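Data block below; observations after.
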Amino acid sequence: MALRNITTVTTTNTFTITITSRASSGFGCRKFAGAGPSPADFAPLPLRTVYSGSKMTSQDDLRYPIGRFHAPASTSAEERAAQIETLRRLPERLGAAVDGLDDRQLDTPYREGGWTVRQLVHHFADSHANSYVRFKLALTEEWPTIKPYDEAAWAALPDSRTLPIETSLNWIEAMHARWVAMLESMSEDDFQKGFHHPEIGPQKLATSLALYAWHSRHHTAHITNLRARMGW
């Protein structure tokens, strides 16, 4: 996920990162055995403001259905375990969110001017692959400088706009299996390692984990909220 226009607001125990991309952020869908996730898995969290005294608009409601990302100043082992569990369950939850959608529905933007469901699914694959590689780099090099990518330009490429989403769902499932295995092997010291992002500066892996747990729920909620509004 490319991070742009970063604003930091200091509070007693958190700082806030506002993530804005130059474009806002669907495949015949596969079935999943078993009961699958419950509606509570996708229940939006209360919306939170980013700037003191600011109010989120209805457009913000659509763009940030679980609220904007608030990076914690620190995380406990229990909190990280919950975030890892979110990454573990993303393939299942995302698959359930797009299950049964046809091509017309997959090519519907989740909001006016936003990405389509198809683009959202392919964005998951692009963004999480980048994050997985950044974790690998940070664990094997001394605070490497990573290369950002233009997520809006990637989402506009033909593969993101037209390929069946099965390609990315399969990729996400395999990649998350490896990512979660790596995360579960990491020590407390490992989570304090990190990388330099040319646009936002140093980022610890603990913060990056929190970000991608949020990112998993954020875009999944785009899809489930669209389905609820459209009665799909």
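The values are calculated or read from the model by the stated rules, or taken from the named source; none is laboratory data. These figures come from a predicted structure and were not determined experimentally. No Cβ is skipped: glycine too gets one built from the backbone with ideal geometry, and neighbour counts run over all protein chains shown.
Details
- Selection count, the range 118-161, where residues are surrounded by fewer than 18 Cβ atoms within 10 Å (Cβ to Cβ), closer than 18 Å to ALA174 by Cβ and among the aliphatic types (A, V, I, L, M): 2
Here's the yes/no breakdown for (1) touching a strand residue (DSSP E or B) at 6+ places or on another chain (Cβ under 9 Å); (2) under 16 Å from HIS215 (Cα atoms):
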{"position": "LEU106", "(1), (2)": "yes, no"}
{"position": "VAL117", "(1), (2)": "yes, yes"}
{"position": "SER127", "(1), (2)": "no, yes"}
{"position": "TYR132", "(1), (2)": "no, yes"}
{"position": "TRP154", "(1), (2)": "no, no"}
{"position": "ILE172", "(1), (2)": "no, yes"}
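- Counting only helices (runs of 4 or more DSSP H) wholly contained in the range 13-112, the ones carrying 3 or more residues that are touching a Ser or Thr at 6+ places or on another chain (Cβ under 7 Å) and at pLDDT 50 or above occupy 77-98.
- Sub-6 Å Cβ pairs linking a first residue in the range 62-77 that is more than 27 Å from TYR110 (Cβ to Cβ) and aliphatic (A, V, I, L, M) to a second residue that is modelled with pLDDT under 95 and assigned to a loop (DSSP other than H, G, I, E, B), at least 6 apart or interchain, are ALA73/ASN13, ordered by first then second residue.
- Given (1) more than 24 Å from GLY100 (Cα to Cα); (2) in a helix (DSSP H, G or I), index of the condition GLU199 fails: (2)
- The range 74-95: number of residues that are within 16 Å of the chain's Cα centre (by Cα) and among the small types (Gly, Ala, Ser): 2
- Residue among ARG161, ARG178 that is modelled with pLDDT of 95 or more and under 18 Å from THR86 (Cβ atoms): ARG178
- Residues located in the range 73-115, provided they are surrounded by 15 or more Cβ atoms within 10 Å (Cβ to Cβ) and acidic (Asp, Glu): GLU79, GLU92, ASP107
- Pairs, first over 22 Å from HIS196 (Cβ atoms) in the range 143-164, second of a type in the set (A, V, I, L, M, F, W, C) and surrounded by fewer than 14 Cβ atoms within 10 Å (Cβ to Cβ), C-beta under 9 Å, six or more apart: none
- Against the criterion of being surrounded by fewer than 14 Cβ atoms within 10 Å (Cβ to Cβ) and either within 23 Å of GLN119 (Cα to Cα) or touching a Ser or Thr at 6+ places or on another chain (Cβ under 8 Å) (or both), ASP189 does not qualify.
- Out of ILE223, ILE200, sole residue that is surrounded by 14 or more Cβ atoms within 10 Å (Cβ to Cβ) and at pLDDT below 95: ILE200
- From the options ASP126, ASP159, residue that is among the charged types (D, E, K, R) and in contact with a helix residue (DSSP H, G or I) (Cβ under 6 Å, 6 or more places away or on another chain): ASP126
- Test: residue in the range 98-117 that is hydrophobic (A, V, I, L, M, F, W, C) and over 24 Å from GLU173 (Cβ atoms): no
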